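Below: the structure, in structure tokens.
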Amino acid sequence: IQHEWLNSRGAIARFERDTIEIRLLDVQECPLADLAISWLIVEVLKKLTGEHWLPYAEQRRWPTDDLAPLLLSCTQKGENADLGADYLAVFQRKSEAIRTAGDLWNSLFDEIRTECPERVNPWRNALKIILSQGTLATRILKGLEHHTLGEVYASLSDSLTEGRLFDPCRSI
């Protein structure tokens, strides 16, 4: 492990590359969850850069001042963050049934799963859990409704050891 990668989050100066790296993802409960989430993000980014939903010029028109509140809302509310009709239109989602970040990710996963079912197979079950039960933070909060903090985090530790996703409904 390189020292520059330890405990890295937020905006990180990368002087050797003259860049600032912005980290938006945190590690999850096990490598399977990390890889599944990364896979889905990559697939969505391929579609965005391929101008599947919106031409690049229109994507660039989104000012940071409009995107920053969405990021903050997602940070605070996770999958329950309301994204607004304008942002959802970027992904050609105009349905009343799709309003939140969770709704959007479920919809994007369904689209990608339909188009390339063979590529989703290794990640299908992990993504179904995440998209149906919520982010790790949401699942931890659900676990705390019935268990102590120590019990929840012991179970979370077991998830990492066993390479499985944390399930707050599982017997702790």
Exercise for the section: Please state which one of Arg99, Arg93 is open to solvent by less than 30 Å² (accessible area, probe 1.4 Å), charged (D, E, K, R) and either touching a residue at least 40 places away in the same chain (Cβ under 8 Å) or farther than 28 Å from Gly163 by Cβ (or both). Expected result: Arg93
Handout entry: Residue selected from the stretch 152-168 under the condition in a loop (DSSP other than H, G, I, E, B) and either more than 21 Å from the chain's Cα centre (by Cα) or of a type in the set (D, E, K, R) (or both), by the criterion nearest to Ile140 (Cα to Cα)
Key = Asp167
Fill in the blank from the handout: Taking the stretch 71-83 and keeping only residues that are surrounded by fewer than 17 Cβ atoms within 10 Å (Cβ to Cβ), touching a residue at least 12 places away in the same chain (Cβ under 8 Å) and hydrophobic (A, V, I, L, M, F, W, C), one is left with Leu71
Problem - Residues satisfying the stated conditions in the stretch 40-72, i.e. out of contact with any helix residue (DSSP H, G or I) (no Cβ under 8 Å at 6 or more places or on another chain) and under 21 Å from Thr138 (Cβ atoms) - result: Ile41, Pro69, Leu71, Leu72
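The values are calculated or read from the model by the stated rules, or taken from the named source; none is laboratory data. Keep in mind that what you see is a predicted model, and the values were worked out from it rather than measured. Positions of Cβ are backbone-derived with ideal geometry, glycine not excepted, and every protein chain shown enters the neighbour counts. These accessible areas exclude ligands, DNA and RNA; they are computed on the full protein's heavy atoms, side chains included. Shrake-Rupley method; radii C 1.70, N 1.55, O 1.52, S 1.80 Å.
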